[in-house]
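Where a number appears in this text, it was derived from the coordinates with a stated rule and is not lab data. Predicted, not measured: the structure shown is a model, and the values here were computed from it. Methodologically, a virtual Cβ is constructed for each residue, glycine included, from the backbone with ideal geometry; neighbour enumeration extends over all protein chains shown.
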Amino acid sequence: MGKKIRKVVFPVGGLGTRFLPATKSMPKEMLPVVDKPLIHYAFEEACAAGIEQFIFVTGRNKHPINDHFDHVYELQKVLSSRNKQKELGLTSDWLPPAGNVSFVRQQEPMGLGHAVWCARHLVGDEPFAVILADDMVLAKKPCMQQMTEAYGKVPGSNLLAVMDIPKKDTGSYGIIDMDKSGSKSGKLVKAKGLVEKPAPEKAPSTLSIIGRYILQPDIFKILDKQKPGAGGEIQLTDAINQMVSSKDVYGYRFDGVRYDCGGLVGFVAANVAYALERKEIKGAVMDELKQVFKRSGAKA
Ligand code: G1P
């Protein structure tokens, strides 16, 4: 029932077309926010939650992600010969033990549900986490750590990170139909259903899923048979919706600010926000931004 969450699935097979031409030959998950790729933040968040096994569901053109989680001998040799210890550490101090990183291919981008299903043999029969690298959450306590702690209170259930969004935006998210009678007090919200990308007039609420999940392995049996849903894709939300009758599904209102790095505006905002979190550059970045605003005529 309440087993520890040891494994995380990172679906990284998406095409990243919103970032063309940057993503023509580079995976979108390797786009840097300040000086770390998106996928590196997702990896650090999983580590902070005590997760030890990292499963990447990749596709064509995603080799730089594999390489990121390996040694880079030529560079390390040069850095070492120049006694650049700090830089050397940045290349590899954080690498997980050999054997704890796996890659599985999603041959065709058929949706998030299909991507997660591709990890079924590597996950096996235990609860697991899913992190979407292009949803960044800036928080004092990393979002997935908040979730694994909350999971301790509702072991054996499914937990989805949620936040309120403007009603006009429901068509971009999985939306929770809240079971008000069964709601847990505080941050946990019991779901009686889920809908993927409903039009605002059809949305059961404005409580939307963002890219952090703790799921029971039962999801794979459902995904085995899951038919395409919104956008003609096999949707994870639809499969979780089918689990509502057999296993509890909770939305978890996380603490923190989410940046949608799946789009240009969120990505630029994340770069600014994460730069301002860095003490060594904060002052200089603020000065530069003031100048930029002044030159552009915008009022900050
Ligand atoms: C996916 C999920 C959706 C969720 C969203 C969060 O959609 O299908 O339920 O709300 O991530 O970012 P996507 O953004 O991949 O279209």
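Annotations
- The lone exception for residue 98 - which of (1) without any contact (Cβ under 8 Å) to a residue 12 or more places away in the chain; (2) within 10 Å of the ligand (Cβ to nearest atom); (3) among the hydrophobic types (A, V, I, L, M, F, W, C) it fails: (2)
- Filtered by the rule that a residue be small (Gly, Ala, Ser), without any contact (Cβ under 8 Å) to a residue 40 or more places away in the chain and in contact with a Lys or Arg (Cβ under 9 Å, 6 or more places away or on another chain), region 192-228 gives a lone residue, 203.
- Test: residue in region 200-220 that is away from the ligand (no atom under 13 Å from the Cβ), surrounded by fewer than 16 Cβ atoms within 10 Å (Cβ to Cβ) and on the phi > 0 side of the Ramachandran plot: no
- Count of region 101-130 residues which are more than 16 Å from the ligand (Cβ to nearest atom) and farther than 15 Å from residue 222 by Cβ: 10
- Long-range neighbours under 7 Å by Cβ, at least six apart or interchain, first residue at positive phi and of a type outside the set (S, T, N, Q) within region 107-130, second part of a loop (DSSP other than H, G, I, E, B) and within 11 Å of the ligand (Cβ to nearest atom): 111/233; 111/234; 111/235
- Residue check for residue 10: among the aromatic types (Phe, Trp, Tyr), within 16 Å of the ligand (Cβ to nearest atom) and closer than 30 Å to residue 150 by Cβ: yes
- Region 92-103 - residue that is aliphatic (A, V, I, L, M) and touching a strand residue (DSSP E or B) at 6+ places or on another chain (Cβ under 9 Å) and, of those, surrounded by the most Cβ atoms within 10 Å (Cβ to Cβ): 101
- Search result, residues across region 45-61 that are in a helix (DSSP H, G or I) and touching a residue at least 60 places away in the same chain (Cβ under 8 Å): 45, 46, 48
- Taken over region 188-236, residues that are closer than 22 Å to residue 255 by Cα and polar (S, T, N, Q) amount to 3.
- Residue match in region 168-181 (condition: on the phi < 0 side of the Ramachandran plot, within 15 Å of the ligand (Cβ to nearest atom), small (Gly, Ala, Ser) and without any contact (Cβ under 8 Å) to a residue 40 or more places away in the chain): yes
- So residue 8, is it aliphatic (A, V, I, L, M), under 10 Å from residue 133 (Cβ atoms) and crowded, with 21+ Cβ neighbours inside 10 Å: no
- The numbered conditions (1) within 30 Å of residue 6 (Cα to Cα); (2) surrounded by 12 or more Cβ atoms within 10 Å (Cβ to Cβ); (3) among the small types (Gly, Ala, Ser) are all true for residue 89 except (2).
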